[in-house]
Structures are given as structure tokens and as C-alpha cells.
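Have a look at the structure below before the remarks.
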Amino acid sequence: MTARLIDRPDGTQIHLRDEGARDGPAVVFSNSLGTTLHLWDLILPLLPAGLRIIRYDTRGHGGSSVPDAPYSMGQLVGDAEAVCDACGIKDAMFVGLSVGGMVAQGLAVKRPDLIRAMVLSNTAAKIGNPKLWQDRIAVISANGMAAVSDEVMRRWFSRGFYAKPDMAPWKAMLEATQVAGYCGVSAAISGSDFYTSTSGLRIPALGIAGSEDGATPPDLVRETVDLVPGSQIALIRRAGHLPCVEQPEEYAGHLNAFIAATGHVR
């Protein structure tokens, strides 16, 4: 495994991990708001052998730099582009969850040479509205991450998972996120609408939705995935916004089937 930092023109450093077969088909994972690249830990052992797995921390999160808020979606897409270029990959499968799925849409439009297929997990072409995000930014800026962590957990997880001991590390991860990082990415989401650009994409696309997702409900995921002709969607029951955490075996099963169907194998 290779962990490293890559430098961006604005002085931000992006932390990435590059694992697996150096000459294998590349799969790039982009995490959600309030999580780190460890979001994917449970599913990685369940993926086919021979893949090259690249994960990175969104700016403002994990081991990446935390510049002052706000951030733009253009910066987030540019960071993903820089990760791919730094790793020297083309024709990757890009798996993005929530804001990571928005990044996937933006990158597929900007750099079609980098993405041959995409997984839009628990995401949408547009998430929320400016007032929702500005209200959340105001609360967090005034009171810190702990002020919203329980509310966020209820959106992230199903009723069956909420408040179980397994939830504790994810609540801790959210609360450890720096305010500037969370608010910066929130601002980027607030100003983004990919409906028009995503409708022009012509690559294999898989949508994944959680039946109890309080942040991006299944109908919203389906509406976005349907913008891409020939796309498909998988609904994971008894899961909320992070089905890769709640139902890792089923989540990995959908990824593995998509990997096989698109020929993204060694």
C-alpha cells in the first residue's frame, strides 16, 4: 500500500491510498461529507482480486488539508482529477458516495478519459437547496460538529442500525471532522446542479440507494441515474445513507456484478 499527499495549486494537499495490483484495472473511491477514506474499509476485502484500489480524503477531511471555507465543486472535481493524474490512471471505474457521487458526475464530464464507468451511490445531481445548507453551516459554525451529529446519524443509518455499538465509530468520525472542512464541502454541494451535464453522459452507470436513506432517498437517486441512458439501479434494504457500512456484503455484491458486466477486470 502506498499512502501519500499530492499538492494542489491552491496549496491544499490531498491524502490518498493506492493499493492492490499496480497493473490492474483501477477503481477510485470518493467518500461522503463527514467521512474519510475509511468509509470503504468493510467492502474492500470483498472485491475481486487483481484490482488497483485508489481512495482519497476529500479536502477538509481525514488526512487532507483543511483550507478555509467555502470550497467550490470545481475544486472538489479538480482534486479527484489530480488524484487520478498523480496515480497515472485512465479508464477507471469511479465509485462516489453522496458528494463523492457529485464529484463522479463532474469528473466524467470534465475528463472522460479518466472514467469508463461510474457508480453513483446515495447521491443526486442536486442535493438539498441553498437554504438547507446555509442553515446547517450556520449551526455548525456556531456550535461545532457535535451539535448536529445525532441528527446526521439518523439520516445516515437505518432504524435497525441507529444507536447500536457499531454506529459509535461513525459518529466519532463525523465529530472529528473539522468545522471548516465540513462547512467548506457543504458550500460546494449547495451551489451544485448536475442535471444538465449528467444527462449528456454516455458511460455505464450504476446507482445504489438505501431504502431508509434520509439524505438522498431512493427516488432521488433513481431520478439522477435515469439521466444516463442504459443505467441501472440497485436498492439495498435495511440501509440508510451509508449502505457500504450497514450492508457491506450486499453492497460489494452489486459492485462486483457491475465490475464483471462492464468488463472492468484483469
- [ ] Please list 84-93, 52-61 highest first by mean number of surrounding beta-carbon atoms within 10 Å per residue.
- [x] 52-61, 84-93
- [ ] Starting from the Cα of Arg155, move 7 Å in the Cα-to-Cβ direction to define the label point; list residues of the stretch 23-56 whose amide nitrogen is under 18 Å from there.
- [x] 31-36
Task: Inter-part distance where the stretch 27-97 and the stretch 108-150 are each reduced to a Cα centre, Å - done: 14
- [ ] Quickly work out the Ala3-to-Ala147 label distance, labels modelled 7 Å from Cα along the C-beta direction, and quote it in nm with one decimal.
- [x] 3.2
TODO: Treat the count of other C-beta atoms within 10 Å as a stand-in for reagent exposure and order Ile208, Ile43, Ile6 from fewest to most.
DONE: Ile6, Ile43, Ile208
- [ ] May I ask you to compute the full-extension gain from Leu46 to Ala176, defined as 0.36 nm times their residue separation minus their alpha-carbon distance, rounded to one decimal in nm?
- [x] 44.0 nm
Task: Overall Cα dimensions of the chain - principal axes, largest extent first, Å - done: 49, 42, 37
TODO: Given the peptides 117-129, 16-28, arrange them by the average over their residues of other C-beta atoms within 10 Å, most packed first.
DONE: 117-129, 16-28
Open item on the list: If the only charges are +1 at each Lys and Arg Cβ and -1 at each Asp and Glu Cβ, what is the size of the charge dipole of the chain around the Cα centre, to the nearest 20 debye?
Closed with: 240
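A short reminder: the numbers here are calculations on the coordinates, not readings from a lab. Note that the structure is predicted; figures quoted are calculated from it, not measured. For neighbour counting, all protein chains shown are included, and Cβ atoms are generated from backbone atoms with ideal geometry for every residue, glycine included.
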